[in-house]
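Asks: Structure provided below as structure tokens; questions to follow.
Only the coordinates and a few stated rules stand behind these numbers; no lab work does. If you're wondering where the values come from, they're calculated on a predicted model, not measured in any experiment. Don't worry about glycine lacking a Cβ; one is built from the backbone with ideal geometry, like all the others, and counts go over all protein chains shown.
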Amino acid sequence: MSRTQTLSRIESRIRLRAVYCNRKVVHELYGKGSFELTIRTACMLKQQVHLITRTDDISKLKYSDYKPHPDFPFALSCKVHWSKNISEEGQCPDQIILGSMDTDFCAMLGLVNYMEASFNYGYGAAGREDAFLFTPESDPKLAPKHCNAAYRNILKAVFLSAPFLAVALLIAGVLGSHSIRKFAATLARGMGATADEVDIRYRWKARLSGRVVDAYISPEQPWIDARVAEKLCMGAPIAYKLHPDAKRVTPDWLIEHVVPRTHAFYDGVNDISLHLALPLLWAALDESWEERMEPPVRVRIQDAYERIKADIPVGVNPVVKVPLSIWTHNTKLHINEIEPMDTGGGGGTAGGTTGTTGQASTRQVANQSRQVTAMQTQNEEILTRIIAQHNQLQQLIAQEGRTRDSSAAALRGWLETWLGAELTKLNGNIFCMLFRIAVQTPRMATPDQVDGNLFRNGLTVERTRRNGQTSLRYRQAVATTPADSRPAQYRTVGSAWQEWMHGIGGNKPAKNFTAEDIRACKSTYSRRKPLWTLMATLVNAQKAPAWVISKIEEHYKGSVLNITAAIKQDTIMGSLHEDLCVVRAQ
């Protein structure tokens, strides 16, 4: 076995253990009994995994953050609130919420199971816009903190419980609330998503990575967001659809009997009740969810369904899970339903006939149920193969992309070789030019050139002629020599005033610069001119220079360069402080 295959098997085992531990957390929560410990906490856990969020992000969610998806009727969109990784509102775009074939990880099923029951416990009293989703408190600062603390304490109790400790031995390291986010990110990465794709779903706009490109790539990438969401849907991403024979299950019936409280709460504004009604109907009629729902909600739905179920074959859930295929073309997100094979044409007719005539025996009904179950099992196997082929196709597409990357790397290597050869030629030419210059006969400098070079080094030369011979004597330049017009460097506002009025280091005062002097240091002169102009204006208005300097240092902080830039901006905007403004007579 190759090293790559060995590592792949190890990673697969670690991923399966993490999935099993996360599933164990869900099962432990549903066994706690109370609404807060079971339905609410399980819903928070499923949302945290599906959105890869921190616990405090989940605690800040509001009812109004969930909206129907604008493009796909079987999906929702959610806007996660700012977290410590977010510095701009645009870094938190709406993210897609998809159903999952595995109900232990289905965010939509957990959301509607919680939401329809939450209104019986005082949740949502603050109104649709302001009510927090997971706490009945309304204080915008304290409510999320209390909710986060309660959620973390419940998870801590689960991690320390005896049934879970035995399972936790499969995972190395300390378990905590942060392990949920780590599990989701690792799962998405292990299922084939790249690190950059996980960052998009993560809302991790990394500025510490040192990559300049991160500041320019928009975090709103619907295709990448949906691709990572697909990886987080255990089993497969699905859409909840009505059985073809469930003709009496209408939207009005769903609103009246399945999600009446949710529909009344949203009151037609971004109403998500119909998007969530089918998952809740499926759960109410599935035996495995008997202990996971609020009894009044489950009984209400079952009683209403008993009155209209004559059209549905016995033992068949009126809601079917349809797998989804997620792909992109020209950066546009596409999600298609993988329609199952026709399982119930005959079964639906037989069921309808049985419910209408009442003449079929119990054995016939049982045989029909077994046939339907067998066909459903066969269809699930077929769909599993289709999903596997779909995943294989995506892997081939990714492999093709890597092949293109290798071709680009080969081209880049050729270009680097060619550029290296050309640079070698260029360096050889430059060396020859320098060598020719070095071996040329030097020319004697004129006396004027000697004087200029000496003066620039702070020296003067005196010539004396005695007995027909000329002698030279060098002295330090004195103030009587022509002054240099270049601006000096300084660190205080007082030095700036000294440079303007009197010059610094023997230089000419800046106020006396000629047009030729200004051209010689145009950039530096232009940067300092706003400060000089302001100070000169105030002094001309009978203000003492010391007072002017103190007021500027009082209202502006930082280096002289920053102070000058701020004064220039305030002068343009007309926002100078009143102490630095000159009141002109009318």
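Asks: Where does each of 39-48, 183-192, 564-573, 54-63 land if you order them by average Cβ count within 10 Å, highest first?
Replies: The peptides rank, most packed first, as 39-48, 54-63, 183-192, 564-573.
Asks: Here's another thing I want to ask about it. Taking the simple approach of a point 7 Å from Cα along Cα-to-Cβ for both Ser64 and Tyr121, what is their distance in nm?
Replies: About 2.4 nm, to one decimal.
Asks: Under a crude label model (7 Å from the Cα following the beta-carbon direction), how far is Met501 from Ala195 in nanometres?
Replies: Roughly 6.1 nm, to one decimal.
Asks: Here is the link list: Lys156/Lys231; Lys141/Lys231; Lys46/Lys145. Which ones come out longer than 25 Å on Cα distance?
Replies: Lys156/Lys231; Lys141/Lys231
Asks: Oh, and also: Residues with amide H under 5 Å of Val319's amide H, sequence separation 5 or more or different chain, H placed in the peptide plane at 1.01 Å from N; which?
Replies: Distant-sequence amide H within range of Val319: His243.
Asks: Moving to a separate point now. What is the distance in Å between the Cα centroid of segment 96-112 and that of segment 544-586?
Replies: What the calculation gives is 61 Å, centre to centre.
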